[in-house]
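Chemist: Sharing a structure, written as structure tokens. Questions coming.
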Amino acid sequence: MKRLTGKLHLITWTTTEDPPAGGSSLERLVPACRSGDRKAQKRLFDALAPKMMALCLRYTGDRPTAEDVLQDGFITLFSRLDSYSGAGSFEGWARRIFVNTALMHLRKTDALKLSDDIGEARGLFTEEATPVQKMGYRELMALIGRLPADARTVFNMYVIEGYSHKEIAEALGINEATSRSKLQRARIRLQEMIKEQE
Amino acid sequence: MKENEFDISVRNLMSGAEETVSPDVWKGVEAGLDRAARRRVVPVWLWRGVAAAAVAAAAAAFVLLRPAQNLSNQPTIQQPVAQATDAPLPAVTQPEEDDVTPVEKQAVRLQGRIAQAVESSAENDAFVAYLKEIGVDLDEDEVVIISDPSPYPERKPASVVTAASTPESFTSDDEALRQLAFEEHRTRRKGEFSMSILGNIQSNTRPQGPANKMRRTSGSLFVPAPTRTGISREGTEFSFGLPVSGGLSFRYDFNPRWGIGTGVVYTNLSRSFLGDYSVVENGTPVKNLFDTDITNQQHFIGIPVNVFFNIVNTGNWNFHVRLDGMGEKLVDNHFLVHDSDGDIHLHEKSSGLQFSTGVGVGVEFKFSPSLGIYFDPTLRYYFDGNQPRSLRTIQPLRMDFEAGLRFSLGR
């Protein structure tokens, strides 16, 4: 099995907060969107929606719910454009809004209540490689969607969005130890599911 | 595989991923934006209000100052009366330029009108209307006397000026009018109390741009999970009602130019928004309401202090500038959370006072010497006093539109 190198890790890891180089086309649309220009808003929507839809789908686990969150997120985004200072990347700012919207939706449906169907963590990661890189995006997305909502949320926030346990704990109303525990369980459960797919 | 490598593998696969989006989502976004736009405020535009007040002030000044300018064109007592009746009235000594009060000017004008009225009985109706306009109340029999075709100098003036305090001393119309003017002048110099019943609406516009940013409940990246019972999040779709006030005020005019005032004023601020409400027991949320309709009513009691400067003060019209200061106490901050299980009422207290200051121009029309109606547009600034969120904390510069009835309480 092909193993990722440390060098590759450094190259591929980027945070959502990296400032843009010279401003992106998204940021150039912001002033017009602020003034309520519907065409500019549509262009911004078209540019952002596919990525944000993927984000929403990761958090909600099903497409109809993800579309609801996506819609609410865009309404919030356009309503709060005035609070975008331009200091960081626009996409990073937008991602926070969609993560927030998804979290609010999960709270609303009580999906973030502690679940016990994930079982105990049965051990630490082994040195044995798991075939994540052999999987396609769709397969992995489907497996993540099968995680319990609370574990899936912590996993998404920590592994993919790059938030710290402290930030996750504050957002979800749990302590940092619980956040770590949920993350570990999510990892193990995901690995188990990946193995089952082989 | 180590956990770090596992995480990175997953992240690499997920980052940059895209999904197709149904066209219905954009339609929903558009509908949501339209809905949000409709929920916005009923604007009473701040600067349009200022502009309207300025135009009104300029118009009032033009109307009110014009008669004073024409004063020099009024026929003197000697000339027109002599021509009209062949019975000239004694000359009236014009007051010193600096000591001419609006009331005295009215008196001189009144003399001229009397002379003209004697000349043509057809003008009597207009003359009576004029007397009423400037606040001289006439009974029916007095009107008859005015219409009396007997020679003007011999007509007893007492019936015209019975409101004056010393009719016995009158020997002629001009003397009576001078006495009336003097009495009015003397009264004003002694000062006058008045009481007003006031109402006020205020602009409910809010600023555009970064200043419109709503304060979040936390400075963190996320809206935090609720830790106490109450409103845990205020959404972005919000609207503000027109602030309304009502109260009583008392004014004391030292002289025809200067006056001070105070009183007690109740003010209601309202807003509505979508927000989250949570009930937390032992640190754990046991009930959550998300994106529910919440209305907020803030009730203030305030004490104003006003200084008035009368720019023009004629018989019926008063055109003035006012400077205001006010301290207000938020006595009740009431939230109504709409819940299908029954509405939830929350009452919060606030410490400190809300101070404000303002400057405005105003116009008062007197129906009679004891009753007038006024309109005072005022530009007001609210100081930051750590008060709960309201229109005043979001945009502290606001436009007041105060109107009221003013009753003279005498000296």
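The values are calculated or read from the model by the stated rules, or taken from the named source; none is laboratory data. What you see is a predicted model; the values in this text were computed from it and never measured. Heads up, the Cβs are rebuilt from the backbone with ideal geometry, glycines too, and the neighbour counts pull from every protein chain shown.
Chemist: Restricting to segment A:136-172, count the residues that are under 24 Å from A:W93 (Cα atoms), outside any helix (DSSP H, G or I) and without any contact (Cβ under 8 Å) to a residue 40 or more places away in the chain.
Modeler: The number of residues fulfilling the criteria is 2.
Chemist: If you scan segment B:358-378, which residues turn out to be of a type in the set (A, V, I, L, M) and surrounded by 20 or more Cβ atoms within 10 Å (Cβ to Cβ)?
Modeler: Hits for segment B:358-378 are B:V361, B:V363.
Chemist: In segment B:379-388, which residue that is buried (at least 17 other Cβ atoms within 10 Å of the Cβ) and of a type outside the set (S, T, N, Q) is farthest from B:V363 (Cα to Cα)?
Modeler: If we take residues in segment B:379-388 being buried (at least 17 other Cβ atoms within 10 Å of the Cβ) and of a type outside the set (S, T, N, Q), then B:G385 is farthest from B:V363 (Cα to Cα).
Chemist: Take segment A:139-176 and flag every residue that is small (G, A, S) and either surrounded by fewer than 19 Cβ atoms within 10 Å (Cβ to Cβ) or over 13 Å from the mean Cα position of the chain (by Cα) (or both).
Modeler: A:A142, A:G145, A:A149, A:G162, A:S164, A:A169, A:A171, A:G173
Chemist: If we keep just the residues of segment B:317-353 that are among the hydrophobic types (A, V, I, L, M, F, W, C) and within 17 Å of B:V244 (Cβ to Cβ), which is surrounded by the fewest Cβ atoms within 10 Å (Cβ to Cβ)?
Modeler: Checking each candidate, the answer is B:V331.
Chemist: Test A:M104 against the criterion of being facing chain B (nearest Cβ under 8 Å) and at pLDDT 85 or above, and give yes or no.
Modeler: no
Chemist: Among the residues of segment B:279-326, how many are over 30 Å from B:I231 (Cα atoms) and of a type in the set (G, A, S)?
Modeler: Final tally of qualifying residues: 2.
Chemist: So, one more: I'd like the residue in segment B:272-287 that is surrounded by 19 or more Cβ atoms within 10 Å (Cβ to Cβ) and over 32 Å from the mean Cα position of the chain (by Cα) and, out of all such residues, is modelled with the lowest pLDDT.
Modeler: Result: B:P285.
Chemist: With respect to A:D72, determine if the residue is closer than 19 Å to B:A37 by Cβ and touching a residue at least 40 places away in the same chain (Cβ under 8 Å).
Modeler: no
Chemist: Pairs needed: first member in segment B:10-37, more than 7 Å from chain A (Cβ to nearest Cβ) and farther than 25 Å from A:R34 by Cα; second member anywhere, outside any helix (DSSP H, G or I) and of a type in the set (G, A, S); C-beta distance under 8 Å; at least 6 residues apart or different chains.
Modeler: Listed pairs, sorted by first residue: none to list.
Chemist: Those residues that are in a helix (DSSP H, G or I) and modelled with pLDDT under 80, I need them from segment B:12-51; list them, please.
Modeler: B:R35, B:A36, B:A37, B:R38, B:L46, B:W47, B:R48, B:G49, B:V50, B:A51
Chemist: Determine whether segment B:303-316 contains at least one residue that is in the same structural domain as B:T357 (by TED's automatic domain parsing), of a type in the set (F, W, Y), surrounded by fewer than 16 Cβ atoms within 10 Å (Cβ to Cβ) and under 23 Å from B:T378 (Cβ atoms).
Modeler: yes
Chemist: Does segment B:390-406 contain at least one residue that is among the small types (G, A, S), under 21 Å from B:L248 (Cα atoms) and in the same structural domain as B:D253 (by TED's automatic domain parsing)?
Modeler: Yes, segment B:390-406 has at least one match.
Chemist: Related question: Residues to consider are B:T262, B:T171; find the one that is surrounded by fewer than 17 Cβ atoms within 10 Å (Cβ to Cβ), away from chain A (no Cβ under 12 Å) and modelled with pLDDT under 55.
Modeler: Criteria check complete, one pass: B:T171.
Chemist: For segment A:174-198, how many residues meet the condition of being touching a residue at least 12 places away in the same chain (Cβ under 8 Å) and assigned to a loop (DSSP other than H, G, I, E, B)?
Modeler: So the count comes out to 1.
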